[in-house]
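We did not get these values from a lab; they are worked out from the coordinates using the rules stated. Everything numeric here is computed off the predicted structure, so don't read it as measured data. Neighbour counts run over all protein chains shown; Cβ positions are idealised from the backbone, glycine included.
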Amino acid sequence: MQTVLGAGGPIADELVNELYRNYTRDIRLVSREPSPVNDTDELVAADLTDAQATRRAVAGSEIAYLTVGLPLNSQLWERRFPVIMRNVIDACAEHGTKLVFFDNTYMYPATPTPQVESTTFASNGRKGRVRGTIATMLLEAIRADRVQGLIGRAPEFYGPGSTKSYTNSLVFDRIKAGKRPFIPVNAHTVRSLIWTPDASRALARLGNTPDAYGQTWHLPVDPNRQSYAQLVEIAGAVTGRKISYTVLPMLAFRLGRHFVDTLDEMYELLGRYRDDNIFDSSKFSTRFPDFQVTTYREGVERILID
């Protein structure tokens with residue numbers, strides 16, 4: 001049995017598809033209101049902030065994938081994420097279940113220095129501090145031999161379907177709708193973006209690779225990084241249109257955050273758009289040289305044409 005904790009989002013759904021295709025059909029989906037992805041999926045309704053419900057959800061699982069996402073709300077993150085991580089670690093320790101944690105990069109410093117698996121956590125924002133706290137909780141449990149676990153860490157998403165990210169909502173969704181894309185802060189810094197199906201495929205690969213445990217892994221990205229200006233240029237070539245864009249300056253966010261909650265929650269992340277964002281996934285590509293990463297051109301085509 002392999003169990004997805006936090007089922008229902010694009011990462012979790014594609015993870016379930018990958019597990020079903022290549023690893024097992026004995027899959028359990030856990031969320032507050034789970035829906036099947038495949039006919040054979042077992043559905044368990046559970047609130048992972050409830051310790052007993054979490055233990056029941058994990059029971060009988062060989063591997064549990066923690067893919068829970070919460071709305072971008074700092075107070076909500078501070079209240080729920082540490083409780084969820086503690087409950088999941090305790091449940092996995094009790095049942096001898098391996099734990100695969102899908103993580104992000106918010107705890108890393110917002111500098112142009114390349115990010116590697118050993119990069120020191122140094123966030124200056126509330127959400128980044130929460131992510132650093134819960135990652136540290138798992139790393140400490142692994143070092144103490146309480147659980148067999150690993151962390152698969154991803155930078156900002158872009159992807160098909162219902163992928164939720166600033167890049168999708170501000171750039172590609174607007175282009176697809178025939179609107180002018182908005183670019184946060186700087187159009188010419190290079191970006192590290194991960195194609196969401198690649199992230200899910202890589203997470204499944206790690207979870208089913210015994211020697212991957214006990215480590216942090218950067219999930220694979222196209223190393224040919226692009227700026228937003230270049231991505232818009234690719235979009236123009238793909239659609240056969242000349243696409244212009246509008247850069248939203250830091251001042252707009254600084255003023256708007258006092259009136260719009262979404263802008264306030266985004267504000268701590270803007271350093272990642274001001275400077276180059278270099279996410280190094282060479283550790284993964286070295287260990288899994290046969291893994292095919294989706295190129296930015298391929299990804300943009302799939303978003304805008306498929």
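Can you compute the FRET efficiency between Glu78 and Asp211 using 1/(1 + (r/R0)^6), with r the Cβ-Cβ distance and R0 = 41 Å? Round to the nearest 0.05.
Details: r = 35 Å, r/R0 = 0.85.
Efficiency at R0 = 41 Å is approximately 0.75.
Give, in nm to one decimal, the length gained when the segment between Glu62 and Asp280 is fully stretched (0.36 nm per residue of separation minus the Cα-Cα distance). Intermediate results must be reported in sequence, preceding the final value.
Numbers: separation 218, 0.36 × 218 = 78.48 nm, distance 2.98 nm.
Net length gain for the segment: 75.5 nm.
Going by alpha carbons, how many degrees (0 to 90, nearest 10) lie between the helix axis of 196-207 and the longest principal axis of the chain?
30
Report the Cα centroid-to-centroid distance between the range 93-165 and the range 24-41 in angstrom, as an integer.
24
For the chain, what is the mean residue ellipticity at 222 nm derived from helices alone (per DSSP H run of n ≥ 4: -39500 (n - 2.57); sum divided by total residues; nearest 500 deg cm²/dmol)? List each step's numbers first, then the result.
Values: 12 runs with 122 residues, N = 306.
Mean residue ellipticity, 222 nm, calculated: -12000 deg cm²/dmol.
Kirkwood-based Rg over Rh for the range 5-154 (C-alpha set), two decimals? Before the final figure, lay out the partial values.
On the way: Rg = 15.4 Å, Rh = 15.9 Å.
Here Rg/Rh amounts to 0.96.
What FRET efficiency would be calculated for the residue pair His188, Thr111, taking the C-beta separation as r and a Förster radius of 22 Å, to the nearest 0.05? Provide the component values of the computation, followed by the final result.
On the way: r = 17 Å, r/R0 = 0.77.
Efficiency at R0 = 22 Å is approximately 0.80.
With θ taken as phi - 60° and the coefficients 6.51, -1.76 and 1.60, list the Karplus ³J(HN,Hα) couplings across the range 10-26 in order, rounded to whole Hz; mark glycine and proline as x.
Result, ordered by residue: x, 5, 5, 5, 5, 4, 4, 4, 5, 4, 5, 5, 10, 10, 6, 10, 9 Hz.
Hey, which aspartates and glutamates would be in cross-link range of Lys164, C-alpha to C-alpha under 13 Å, not counting anything within fewer than 8 residues on its own chain?
Output for Lys164: Glu156, Asp173.
Give, in nm to one decimal, the length gained when the segment between Asp47 and Ser162 is fully stretched (0.36 nm per residue of separation minus the Cα-Cα distance).
On the way: separation 115, 0.36 × 115 = 41.40 nm, distance 2.30 nm.
Using 0.36 nm per residue and subtracting the Cα-Cα distance, I get 39.1 nm.
Report, in degrees rounded to the nearest 10, the 0 to 90 angle that the Cα long axis of helix 126-143 makes with the longest principal axis of the chain.
With both axes taken from Cα atoms, the answer is about 40 degrees.
Using only Cα atoms, find the angle between the long axis of helix 74-95 and the longest principal axis of the chain, and express it within 0 to 90 degrees, rounded to the nearest 10.
The angle comes out at about 30 degrees.
Which lysines have a Cα less than 18 Å from the Cα of Lys242, not counting those fewer than 8 places away in the same chain?
Of all the lysines, those that pass the test against Lys242 - Cα under 18 Å, at least 8 places apart if same chain - are Lys176, Lys179.
Pull out the extension gain between Ala229 and Arg21, defined as 0.36 nm times the separation in residues minus the alpha carbon to alpha carbon distance; nm, one decimal.
Working: separation 208, 0.36 × 208 = 74.88 nm, distance 3.64 nm.
Gain on extension, Ala229 to Arg21, equals 71.2 nm.
Below 11 angstrom from the Cβ of Trp77, what's the summed charge of the other residues (Lys, Arg +1; Asp, Glu -1)?
Details: positive: Arg79, Arg80, Arg126, Lys127, Arg129, Arg131; negative: Glu78, Glu265.
Taking every Cβ under 11 Å from that of Trp77, the sum is +4.
Amide H to amide H, which residues 5 or more places from Ala64 or on other chains are under 5 Å from it, using H placed in the peptide plane?
For Ala64, the qualifying residues are Thr3, Lys98, Leu99, Val100.
As a test of the definition: which semi-axes, in Å, follow for the chain when you take the square root of five times each eigenvalue of its alpha carbon gyration tensor? Largest first, please. Provide the component values of the computation, followed by the final result.
Details: eigenvalues 201, 93, 70 Å².
Equivalent ellipsoid of the chain: 32, 22, 19 Å, largest first.
Output the Cα-based Rg and Dmax of the range 61-115 in Å, rounding Rg to one decimal and Dmax to a whole number.
13.9, 42
Take every Cα-Cα pair in the range 185-259 and report what % of them are more than 16 Å apart.
On the way: 1872 of 2775 pairs.
For the range 185-259, the share of Cα pairs beyond 16 Å comes to 67 percent.
Out of all Cα-Cα pairs in the range 220-301, roughly what percent, to the nearest whole number, are more than 20 Å apart? Please list the in-between numbers first.
Working: 1810 of 3321 pairs.
Summing the P(r) of the range 220-301 above 20 Å gives 55 percent of all pairs.
What net charge do the residues around Cys92 carry, taking every other residue with its C-beta under 9 Å from that of Cys92, with Lys and Arg at +1 and Asp and Glu at -1?
Details: positive: Lys98, Arg146; negative: Asp90, Glu94.
That sum, taken over residues with Cβ under 9 Å, equals 0.
Can you tell me the FRET efficiency between Leu304 and Val260 if r is taken as the Cβ-Cβ distance and R0 is 30 Å, rounded to the nearest 0.05?
Details: r = 28 Å, r/R0 = 0.93.
Efficiency, from the Cβ-Cβ distance: 0.60.
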